[in-house]
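**Student:** One structure, pasted below without further comment.
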Amino acid sequence: MIIKVMGVQWVLVCHGLVTAVVVVSFLCGRWPIFEGTFIQRIHYFLTFGAYDYFLRFVGAVFGSKCTNAILSVEYYCCDRPNPLLQILYLLIIGVTYYFIANSCFAFIPGYYLSEIHRYISLSVVAVGILLFLLTSFSDPGTVNANNVSHYIKAYPYDNIIYEEKECSTCKIPKPARSKHCSICDRCVARFDHHCGWMNNCIGEKNTRYFMAFLLWHFLICVYGTVAIGLILAGRLKDFKVIDILTVYYGIQNSFMDLAPHVVQWLLGSYNTQILLMVFLAIVGMLLAGFFGYHAKLCLSNTTTNETFKWQDYMEWQRKLKEAKVSAEALKQSISGMSSERQPLLSKWRTFFRKSPLEDVVVVKNNVYDKGFLHNILEVISPFSTRRSFTRNKLKSS
């Protein structure tokens, strides 16, 4: 019996490790720290390789017509607006809340939780769905012929990553920080990214709702994890599990000695609640990371779209400066060889001498970053919602 229980525990541990590796590989496999590692290779397989092999298999077995049908479905799901992920979100929220209510509400009120948490849980989920709908169906800041001049005044060109030009699709001037979304087929002011979960772009007007959505759902996961943990702790108290283990079974009253037996008892009696708690904890950590990333962007007044633009610009500038430094070093070397005899450096000094390429520094000059208070205000109160923006629009008309 003991061997069987230990085998089940090892299976759960291995399952958890494999799940963690897959999740980290899928979400973080492109990070520089994982470059050249098996994490990056798993990420490539999950995001491209597996699908590519699947298409080849379908083409070899069923022919090109079936492959084209799959590509048509891919185009609808990934390249056109569709509500599939919105429906999936509602299903995840609904199913998770159903399992929580079905498995946990029977123990409320309990030793640590009062009956009010039945209604609090429903309220926080309702607010989360409201934020989801608000982000999904709000205008992200669509740029059109009527407001393009006001957006140009609101976001001046920095002549670094943005310069004056026309949108080739909309045939109107393209304001700085805007981008034409190929999925929604519109120009969006202060474009951040197109969110499939919202079936909407995240831009100048609805970034505040998107940030509130992420933060609130992170808090929902924390609340759910803590609440289920308190329910399980209450069950331990109700059944006096600690007293039974220490008094009747002679187990020492220490965390290291009691923990394996307590976990074994909880897994045997409340496995559904533990799975829900682990699920909420993992989702909460993912949401915390995603919210932290976007909060950092908001504090520096940068968007996801601009992050990639700055990376390309900085890399180009670095290569340009390195080329200039290399050319200058080669010129000095040639002039030194043709001039009078120079004092020789020792081999050790030559070996440890710093390369001139190490002095190459590229500085990011973000003219839109005006201090974190101003940056936060710009997210909370977008330019297009302010009276000055509306007043200017009325004057011009």
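The values are calculated or read from the model by the stated rules, or taken from the named source; none is laboratory data. In this text the structure is predicted, and so the values were computed from the model without any measurement. Backbone-built Cβ (ideal geometry, glycine too); neighbour counts: all protein chains shown.
**Student:** For the range 90-120, which residues satisfy the criterion of being out of contact with any helix residue (DSSP H, G or I) (no Cβ under 7 Å at 6 or more places or on another chain) and of a type outside the set (Val, Ile, Thr)?
**Tutor:** 90, 91, 94, 98, 101, 102, 106, 109, 114, 115, 119
**Student:** Any idea which of 106, 145 is part of a loop (DSSP other than H, G, I, E, B) and modelled with pLDDT under 95?
**Tutor:** Values: 106 fails: part of a loop (DSSP other than H, G, I, E, B).
Exactly one of 106, 145 is part of a loop (DSSP other than H, G, I, E, B) and modelled with pLDDT under 95, namely 145.
**Student:** Restricting attention to the range 279-295, does a residue exist that is at pLDDT below 70, surrounded by 10 or more Cβ atoms within 10 Å (Cβ to Cβ) and over 21 Å from residue 210 (Cα atoms)? Give the steps one after another, and end with the answer.
**Tutor:** Filtering the range 279-295 for residues at pLDDT below 70 gives none.
No - not one qualifying residue is present in the range 279-295.
**Student:** Here's something else I'd like to know. Here's a check for you: in the range 157-212, which residue that is under 27 Å from the mean Cα position of the chain (by Cα) and acidic (Asp, Glu) is modelled with the lowest pLDDT? Talk me through it step by step, then tell me what you get.
**Tutor:** Filtering the range 157-212 down to residues under 27 Å from the mean Cα position of the chain (by Cα) leaves 160-162, 175-212.
The next check asks that each one be acidic (Asp, Glu); those that pass are 185, 192, 204.
On the way: 185: 93, 192: 96, 204: 96.
For the range 157-212, the residue satisfying everything is 185.
**Student:** In addition: Suppose we keep only residues that are of a type in the set (Ser, Thr, Tyr) and either outside any loop (DSSP other than H, G, I, E, B) or not assigned by TED's automatic domain parsing to the domain that holds residue 117 (or both) within the range 219-253. Which one would you say is surrounded by the most Cβ atoms within 10 Å (Cβ to Cβ)?
**Tutor:** Step one: list which residues in the range 219-253 are of a type in the set (Ser, Thr, Tyr), which gives 223, 225, 246, 248-249.
Of the ones still in play, those that are also either outside any loop (DSSP other than H, G, I, E, B) or not assigned by TED's automatic domain parsing to the domain that holds residue 117 (or both) are 223, 225, 246, 248.
Numbers: 223: 16, 225: 19, 246: 15, 248: 8.
Here the residue is 225.
**Student:** Among the residues in the range 56-71, are any modelled with pLDDT of 90 or more, surrounded by fewer than 14 Cβ atoms within 10 Å (Cβ to Cβ) and in a loop (DSSP other than H, G, I, E, B)?
**Tutor:** no
**Student:** Checking residue 321 against (1) loosely packed, with under 14 Cβ neighbours inside 10 Å; (2) basic (Lys, Arg); (3) outside the structural domain of residue 229 (by TED's automatic domain parsing), which single condition isn't satisfied?
**Tutor:** (1)
**Student:** Among the residues of the range 304-319, is there at least one that is at pLDDT 80 or above and in contact with a His (Cβ under 8 Å, 6 or more places away or on another chain)?
**Tutor:** Our first condition is that a residue be at pLDDT 80 or above; within the range 304-319, this holds for 304-319.
Okay, now just the ones that are also in contact with a His (Cβ under 8 Å, 6 or more places away or on another chain), so 304-305.
Scanning the range 304-319, I find at least one residue that is at pLDDT 80 or above and in contact with a His (Cβ under 8 Å, 6 or more places away or on another chain), so the answer is yes.
**Student:** Give me the residue from the range 101-136 that is of a type in the set (Gly, Ala, Ser) and in contact (Cβ under 8 Å) with a residue 60 or more places away in the chain and, out of that set, nearest to residue 210 (Cα to Cα). Steps first, please.
**Tutor:** The first filter runs over the range 101-136 and keeps only residues of a type in the set (Gly, Ala, Ser), leaving 101, 103, 106, 110, 114, 121, 123, 126, 128, 136.
Adding the requirement that they be in contact (Cβ under 8 Å) with a residue 60 or more places away in the chain leaves 103, 110, 121, 128, 136.
Details: 103: 31, 110: 35, 121: 21, 128: 11, 136: 9 Å.
Taking the candidates together, the pick is 136.
**Student:** Further, regarding this structure: Does residue 178 qualify as being buried (at least 18 other Cβ atoms within 10 Å of the Cβ), among the hydroxyl-bearing types (Ser, Thr, Tyr) and touching a helix residue (DSSP H, G or I) at 6+ places or on another chain (Cβ under 9 Å)? Break it down stepwise before answering.
**Tutor:** Working: buried (at least 18 other Cβ atoms within 10 Å of the Cβ): yes; among the hydroxyl-bearing types (Ser, Thr, Tyr): yes; touching a helix residue (DSSP H, G or I) at 6+ places or on another chain (Cβ under 9 Å): yes.
So residue 178 passes the test.
**Student:** For the range 52-64, which residues satisfy the criterion of being among the charged types (D, E, K, R) and more than 29 Å from residue 199 (Cα to Cα)? Can you show your working first?
**Tutor:** Taking the range 52-64 as the starting set, the residues that turn out to be among the charged types (D, E, K, R) are 52, 56.
Once the filter is applied, which keeps residues that are among the charged types (D, E, K, R) and more than 29 Å from residue 199 (Cα to Cα), the range 52-64 yields only 56.
**Student:** While we're here: State all residues of the range 72-85 that are surrounded by 11 or more Cβ atoms within 10 Å (Cβ to Cβ) and polar (S, T, N, Q); if no residue qualifies, say none.
**Tutor:** Of everything in the range 72-85, just one residue is surrounded by 11 or more Cβ atoms within 10 Å (Cβ to Cβ) and polar (S, T, N, Q), namely 82.
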